[in-house]
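This report concerns only the one structure given below.
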Amino acid sequence: MIKPGRFIVVEGLEGAGKSSAIATIRNWLQQHQIQVVCTREPGGTPLAEQLRTLVKQIDNNEQLAPETELLLMYAARVQLLTNVIRPALSRGDWVLADRHDMSSRAYQGGGRQLDELLINNLRSTVLGNTRPDLTLYLDIDPAVGLSRAAARGELDRIEQEQLAFFVRTRQKYLQIAATEPDIVSIDASQPLAAVQQAIVSALNDYFSGQADG
């Protein structure tokens, strides 16, 4: 009998350090001889990557409606879930994702202030019973995160939003994290070594709980 895989997601605002966190988690999984499939959202399949481009690129000729942005996110998510995430979990692999559904709830629900019922209906339709086993939310002040993102290079369409957008997004992230037990919040403003240690501690706690179960 194939042991079921686990689904780990890393979330956070721009500049929160998701790439470093994912590298830390991947290293931890490899040390435990766990086969891992890495994904990102939006993206992760050829079609989903095309949708990512539509969401991220700046089009001076046509403004992307918030509802269109939301639907493109979920269209990409369907492709990724169907073609990558669910098959990997069925094989017994672990999936490590750079963003997932929490991003839509925070960015489109909080940042764009779209109707929560609309988002929940999409979530129910698209996700079904597939949910992350563990989400690590990297919390950072939006101004600090945007400064880090700007230092990396040219900003995409979403990264160029006003600070107030990211303040609302962070507030939604914190609201969700405070109410759902499978989400661990980590202070991403700490030095890198401290963030990495917090991530490893969260993984050890989760892994220990799985072993006890």
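The values are calculated or read from the model by the stated rules, or taken from the named source; none is laboratory data. In this text the structure is predicted, and so the values were computed from the model without any measurement. A quick note on method: Cβ atoms are made from the backbone with ideal geometry, for glycine too, and the neighbour counts reach across all protein chains shown.
Summed over segment 46-76, residues that are of a type in the set (S, T, Y) and touching an Asp or Glu at 6+ places or on another chain (Cβ under 8 Å) total 0.
In this structure, does F207 turn out to be outside any loop (DSSP other than H, G, I, E, B), modelled with pLDDT of 95 or more and among the aromatic types (F, W, Y)? Criteria not met by F207. Pull up segment 187-201, narrow it to residues that are buried (at least 18 other Cβ atoms within 10 Å of the Cβ) and in contact (Cβ under 8 Å) with a residue 60 or more places away in the chain, then point me to the one that is nearest to P4 (Cα to Cα). Once the filter is applied, the top-ranked residue is I199.
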